[in-house]
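To keep things clear, I will list the structure first and then write my remarks on it.
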Amino acid sequence: ILRVATEYNSISFYVDGDTISGFHYELIQAFARDKRLKAEITPVMSFEERLKGLSEGRYDVIAYGILATSKLKDSLLLTSPIFLNKQVLVQRKLENISDSSLFIKSQLDLAGKTLHVVKGSPSILRIRNLGNEIGDTIYVEEIEKYGSEQLIALVAHGDIDYAVCDESIARTAADSIPQIDINTAISFTQFYSWGVSKQSPILLDSLNTWLDSFKKGKEYKKIYKRYYGKRN
């Protein structure tokens, strides 16, 4: 049994009627199938909880896009890159806010603002670096009980003004929530990977060998296109 943690959202892992779908879900199932393993997948909304579960041995793999940061490299092993993504600011469109000074037109406008992120998100480090780059403080509010899609909904409803999340998730949300703006990039486009425990170098090697081969085939291209193709 391969014990897997991921996030429940419309890109990674979701239930539609009696069908389970998702980019990371399909990919980890393909790995499990090829290795004759049974994948036991648990959606965990908190990034920190996923890391904790991995370090405590409750999960073998975090099958979710993890941005490689020096801090994270100390606590887990990252696979070969799986896909490209970047962090974006989610805010309401100019016509949907009463005070135009709330609208962020460029990264410089983030000075003194509070950005909401999923607790423990790697984007926190990027936001802090961004504050140094613009020479001002950007405040970060970490939210423990919600994932990215819930934060986007809070922005749309006016409960919070700003959130930061993966562009792929933000684009999917923008298809059904037209009042949000996702055009301000917080990070450059970077590679995202899966993570395994520092105690699992053999599993890491197995995943990397499989990923390097699988990504060249038709099945991967089909899965990728289903979730990311129309957004690139």
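Here, the chain yields an orientationally averaged convex hull projection of 12.8 nm² when only Cα atoms define the hull.
Per 0.36 nm of contour for each residue apart, how much would the distance between residue 52 and residue 101 grow if the chain were fully extended, relative to their Cα-Cα spacing?
Once the chain is fully extended between residue 52 and residue 101, it gains 13.7 nm.
Result for the chain in a Gaussian network model with C-alpha springs under 10 Å: among 77, 151, 94, the largest mean-square fluctuation is at 94. If R₀ is 35 angstrom, what is the calculated FRET efficiency for the pair residue 221 and residue 69, using the beta carbon separation as r and rounding to 0.05? Step by step, r from the Cβ atoms, then E = 0.75. Remark: the Cα gyration tensor places region 1-64 in the oblate category, a/c being 1.5 or greater and a/b not exceeding b/c.
For region 13-64, trypsin sites (Lys or Arg not before Pro) meeting the loop criterion (DSSP other than H, G, I, E, B) and having at most 15 other Cβ atoms within 10 Å: 35, 36, 38, 58. Relative to the longest principal axis of the Cα atoms of the chain, the long axis of helix 123-134 lies at roughly 40 degrees. A DSSP coil position with no more than 11 other Cβ atoms inside 10 Å describes the following trypsin sites (Lys or Arg not before Pro) in region 180-232: 216.
Computed over the chain, relative contact order equals 29 percent, with contacts defined as Cα pairs under 8 Å that lie 6+ residues apart.
Working from label points 7 Å from Cα in the Cα-to-Cβ sense, the residue 109 to residue 34 distance is 4.4 nm. Between the C-alpha center of region 1-22 and that of region 68-83 there is a gap of 22 Å. Annotation for region 119-160: trypsin sites (Lys or Arg not before Pro) lying in DSSP loop with at most 11 further Cβ atoms inside 10 Å of their Cβ are 145. Averaging Cα coordinates gives a centre for region 154-232 and one for region 89-143; these two points are 20 Å apart. Within the chain, DSSP assigns beta bridges of which about 60% are antiparallel (rounded to the nearest 5). Placing +1 on each Lys and Arg Cβ and -1 on each Asp and Glu Cβ, with no other charges, gives the chain a dipole about its Cα centre of roughly 1000 debye. Extension gain, residue 119 to residue 132, is 2.6 nm, computed as 0.36 nm per intervening residue step minus the present C-alpha separation.
What is the gain in length, in nm to one decimal, between residue 205 and residue 16 on full extension, counting 0.36 nm per residue of separation less the C-alpha to C-alpha distance?
Details: separation 189, 0.36 × 189 = 68.04 nm, distance 3.31 nm.
So the chain would gain 64.7 nm between residue 205 and residue 16.
We did not get these values from a lab; they are worked out from the coordinates using the rules stated. Quick caveat, the model's predicted, so the values are computed rather than measured. In this analysis, Cβ positions are derived from the backbone assuming ideal geometry, glycine residues included, and neighbour counts consider all displayed protein chains.
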